[in-house]
Each structure stands twice: as C-alpha cells, then as structure tokens.
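What follows is calculated from the coordinates using simple rules that are stated; it is not laboratory data. If you're wondering where the values come from, they're calculated on a predicted model, not measured in any experiment. A quick note on method: Cβ atoms are made from the backbone with ideal geometry, for glycine too, and the neighbour counts reach across all protein chains shown.
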Amino acid sequence: MTLDAQEAHAARRTGLNGQAPRCDHLDQLPAVEHGRAECEECLTLGQTWTRLLVCLTCGRVACSDDSRGGHARDHYEETDHPVVAALDRRSTWRWCYVHRRTV
C-alpha cells in the first residue's frame with residue numbers, strides 16, 4: 001500500500017485505534033517548575049477555587065473553569081500557552097485549550 005504525502009501526514013497525527021490526533025503542543029513543552037499551590041488572582045479578589053491547574057509552558061498556577069474566577073483560561077487567552085495540567089501530582093489529566101480536549 002502506498003500513501004501520498006497528505007495520507008502519510010494524517011497517519012502520523014492519528015492516535016492508536018482511531019483515537020483523536022496527537023496534540024503537537026505536548027512536544028513543545030519545556031520542563032518547568034510550578035508556582036505556589038494557590039491562585040494569586042483569587043487571593044487578590046478574596047475568592048476561593050475549586051481546583052488548581054498549572055500551565056505547562058511557564059508553571060503559572062491558576063484556578064480552573066469550574067472555579068468562580070476561571071483564571072487558568074484567562075492566562076491562556078493572554079499568553080497563548082496551550083496546555084495545563086491538574087496541580088494534583090497523582091493526576092495525569094492535561095487539557096489543551098487550542099484543541100479543546102484532554103491530551
């Protein structure tokens with residue numbers, strides 16, 4: 001079987017067994033140290049958060065969309081840093097804002 005360039009490109013980007021394409025943003029992430037386990041914006045506003053996320057591009061910690069402030073999304077919109085992870089070290093959950101899905 002022969003693949004043309006377009007088919008070969010699609011095959012490289014597809015996950016196993018027809019899963020969603022791999023997120024290329026994961027390959028571009030530097031190793032970063034995250035900040036303190038708190039959302040600075042929420043603290044400034046006197047708000048609480050539900051869950052904290054860490055930006056995998058710069059290490060900024062901010063609250064998730066299910067928190068009142070949604071400051072992690074605000075950080076993405078300001079910086080275009082695409083991927084966040086749950087701050088909980090036991091979690092493997094990561095979200096790509098560009099693709100709007102877990103990665």
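The residue that is farthest from T48 (Cα to Cα), counting only those in the stretch 68-102 that are surrounded by 13 or more Cβ atoms within 10 Å (Cβ to Cβ) and hydroxyl-bearing (S, T, Y), is Y97. Here is the figure for the stretch 46-102: residues that are under 21 Å from E33 (Cβ atoms), outside any strand (DSSP E or B) and either without any contact (Cβ under 8 Å) to a residue 12 or more places away in the chain or not aromatic (F, W, Y) (or both) total 22. For the condition touching a residue at least 12 places away in the same chain (Cβ under 8 Å) and under 11 Å from the mean Cα position of the chain (by Cα), P30 does not qualify.
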